[in-house]
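To keep things clear, I will list the structure first and then write my remarks on it.
The values are calculated or read from the model by the stated rules, or taken from the named source; none is laboratory data. Not measured: the values here are computed from a predicted model. Glycine also receives a Cβ, built like all others from the backbone with ideal geometry; neighbour counts cover every protein chain displayed.
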Amino acid sequence: MRKLFDIKRFKLYGWIGLSLFLCNVLVNLGEQHRPFLQNLSSDLWIAIYVTVASYLIFEFTLPQLSRKRIFWSVLIILGHSFVYVIGLHLWKHMGLASRIYFEPNPTLNAEQKEHDFFGFFVGAVFYFGIIRHIYNHIRLRRSAQQLLIEKQQAELNYLKSQTNPHFLFNTLNNIYSLSRAKSDLAPESILRLSKILRYMLYETSGPYAAIGQDLRIMGDYIALEKLRYDESLRVNFNNDIEDMNQAIPPLLLIPLVENAFKHGASETRSEPFVDIHLAIKNRQLLFIVKNSTDGSGENGKVKESIGLTNLRRQLELLFSDYDLNLKQEENEFIATLKINLASHV
């Protein structure tokens, strides 16, 4: 049960009470039995009691009810209803005695006055209940949406935390191979690795990066991979991009390039190749990566690596309009990614 006096919750009831008061003022503008100031004073006096009573009913009385304790709940309803009704009559008579509250229609008999007065109170409580329910429903939906966003962001960060070290680990393996062979290319590979690390540390923390930056890092990674091979490896890397400053989630495309080298070219015995094409026009991204393979694999089935699995999930979280197609053909693996960049969620 909530504490009895919650300032934030009471403010809500205060605003609802103010709206009830203004509605009554508008309704009673044509009241002929009382002057305008008397209407104003009476409406304000009753609105104060209804606001406090509604707060206590919904925040104190109702939370005490329980299906498991039916008898106790019935006693609470009867007891509290009696208190609220008695309090209502006392409040009314206090207003009459102090000339703050005035009877709306003096021509009615006492029974009709009590009936109308009590009916207004019940209707006002229902008014508070309906507005309160709508407010709580909206707030609950917003909280659920915020929780979903935070959950998806946490999952996205987790996927990135898996993808980036995986990508970095493979790059370090390449440099390690060059170092063991005491290759003169090792210093160049370390320089390219430093560029990649700098980009990962300082440019990938935000949700977006310029496609031009990602292309440069992709080029450095491809150059690192090429250092491991002799002239037998054929790499074709081209792009057709209308604006190099277009925003894209950083390192989103790297897993497809990494997969082409690690699970394609490196496992091909003869004439290994990697063809990469990137095009972005009118916010439509097309990324095609082809690489050589030895045979068609197990019945032509595509076995996704961790990088590709993570990429697919990232796409689900980031975009509402995309298509990732992986196709294993004889001696060739083709990955085709289409993204409507305007569909970023």
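Could you tell me whether I48 is out of contact with any Lys or Arg (no Cβ under 8 Å at 6 or more places or on another chain), among the aliphatic types (A, V, I, L, M) and modelled with pLDDT under 85?
no
So which residues in the range 242-282 are out of contact with any strand residue (DSSP E or B) (no Cβ under 9 Å at 6 or more places or on another chain) and farther than 21 Å from F169 by Cβ, if there are any at all?
R269, N282
State all residues of the range 271-292 that are in a loop (DSSP other than H, G, I, E, B) and within 18 Å of N236 (Cβ to Cβ); if no residue qualifies, say none.
E271, P272
What pairs can you find where one residue is in the range 326-337 and at positive phi, the other is in a strand (DSSP E or B) and surrounded by 16 or more Cβ atoms within 10 Å (Cβ to Cβ), and their Cβ atoms are less than 7 Å apart, with a gap of 6+ or different chains?
Filtered contacts from the range 326-337: N331/S292.
What tally of residues in the range 302-331 results from selecting those that are touching a strand residue (DSSP E or B) at 6+ places or on another chain (Cβ under 9 Å) and acidic (D, E)?
Qualifying residue count for the region: 4.
Does the range 274-283 include one or more residues that are touching a Ser or Thr at 6+ places or on another chain (Cβ under 6 Å) and either over 19 Å from I222 (Cα atoms) or not small (G, A, S) (or both)?
Within the range 274-283, none of the residues are touching a Ser or Thr at 6+ places or on another chain (Cβ under 6 Å) and either over 19 Å from I222 (Cα atoms) or not small (G, A, S) (or both).
Considering only residues that are closer than 13 Å to L227 by Cβ, among the hydrophobic types (A, V, I, L, M, F, W, C) and surrounded by 18 or more Cβ atoms within 10 Å (Cβ to Cβ), look in the range 160-184 and name the one that is modelled with the lowest pLDDT.
L178
Assuming H277 fulfils every condition listed in (1) under 29 Å from the mean Cα position of the chain (by Cα); (2) closer than 23 Å to M244 by Cβ apart from one, which condition is it?
Failing condition for H277: (1).
Can L29 be described as exposed (fewer than 14 other Cβ atoms within 10 Å of the Cβ), touching a helix residue (DSSP H, G or I) at 6+ places or on another chain (Cβ under 9 Å) and modelled with pLDDT of 90 or more?
No; evaluated as a whole, the condition is false for this residue.
Can you find a residue in the range 84-95 that is surrounded by fewer than 15 Cβ atoms within 10 Å (Cβ to Cβ), within 40 Å of the chain's Cα centre (by Cα) and over 22 Å from F126 (Cβ atoms)?
No, every residue in the range 84-95 fails to be surrounded by fewer than 15 Cβ atoms within 10 Å (Cβ to Cβ), within 40 Å of the chain's Cα centre (by Cα) and over 22 Å from F126 (Cβ atoms).
Test L317 against the criterion of being part of a helix (DSSP H, G or I) and farther than 22 Å from Y221 by Cα, and give yes or no.
The answer is yes for L317.
All but one of (1) modelled with pLDDT under 85; (2) surrounded by fewer than 12 Cβ atoms within 10 Å (Cβ to Cβ); (3) assigned to a helix (DSSP H, G or I) hold for I130, so report the exception by its number.
(1)
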